[in-house]
Amino acid sequence: MTTYPMAVHRAFDLNSADNGAGFRQFVQHAFQAPILTADEEFELASRYQQHNDLDAAHQLVHAYLRLVLKIAREYGNYHLHLPDLVQEGTVGLMHAVKKFNPTLGNRLASYAVWWIRAAIHEFILNSWRMVKIATTQLKRQLFFKLRQAKDSPLPLNWDEAQELAKKFGTDAATILEVDGRMSGGDASLNQSILDEDGEIIDLIPDQRPDQEHAVMVQEQDQRLRSMIRQGMSQLNPREQLIITHRFLTEKPTTLDALATALKISRERVRQIEKRALEKLKAFFVTIPDSRDLVIA
């Protein structure tokens, strides 16, 4: 990521020794930011894009800290600290500023909201024990949907599960399984074994791969990530945005949502997506061993 001025980093220091004071300072800093007009935003974004003007980037980030706070507060029921959510959302905002193309005619807010949410979602998914043991994409999606749909922190009953199953296109058993994992507490693996020496964790077999396999997997992952980065660089900014939100996020964005954000028709989004995928396929076939990368 681009290195921003030190003033930006100081404003985002939410993990200081006095975390409460640091966060209050952040909030104050956010609401002191001037609201940019469309022309002012275009000028700043153009200065950063064309001349790598870091002061312009700082002003853009500063102007949209309110948006980060607003979105982060929406995830308050995940039992994570608001300063952590805000900090992750700010990282997403910085990515948005870096990649924003003002010549496409969109406001930064419409573009940044996807990056902010994606960063917060990734943080939540990495923080929750339940998500790490979810076995399907559906259960990961239900993790977010159930949190928003439930009126009470108490476990669901069968009738409530059936009603939500119809709403989310699944079955009541899956709803209850995900809800149970969300509601249940974490048991410590360091508890002592009754009538025996040792702890529960000692009974769990070590199933980690050997070092050679781990290195091989890591190298393969790095190679595939590099191929994806190279492929994405062949696309224009709007194509990158659509491919990212359609295929490279935990929760893919719908064509309708992207059409609204980009202020174009749903069919136009589909056409751009199709063209971008064709570009990627054409690029990947030129790379040795590209068969390891599957494009839908």
Could you please find all residues in segment 265-286 being surrounded by 17 or more Cβ atoms within 10 Å (Cβ to Cβ) and free of Cβ contacts under 8 Å to residues at least 40 places away in the same chain?
Val269, Ile272, Glu273, Leu277
Is at least one residue of segment 157-173 within 19 Å of the chain's Cα centre (by Cα), of a type outside the set (Lys, Arg) and at pLDDT below 80?
no
Determine which member of the set Val131, Val113, Val86 is at pLDDT 85 or above and over 15 Å from Thr244 (Cβ atoms).
Val86
Using the structure shown, decide if Ala11 is surrounded by 20 or more Cβ atoms within 10 Å (Cβ to Cβ), over 14 Å from Phe100 (Cα atoms) and modelled with pLDDT of 90 or more.
no
How many of the residues in segment 88-125 are outside any helix (DSSP H, G or I) and within 24 Å of Tyr78 (Cα to Cα)?
0
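The values are calculated or read from the model by the stated rules, or taken from the named source; none is laboratory data. Remember, predicted model here, so these are calculated numbers, not experimental data. Every residue, glycine among them, receives a Cβ derived from its backbone with ideal geometry; neighbour counts consider all protein chains shown.
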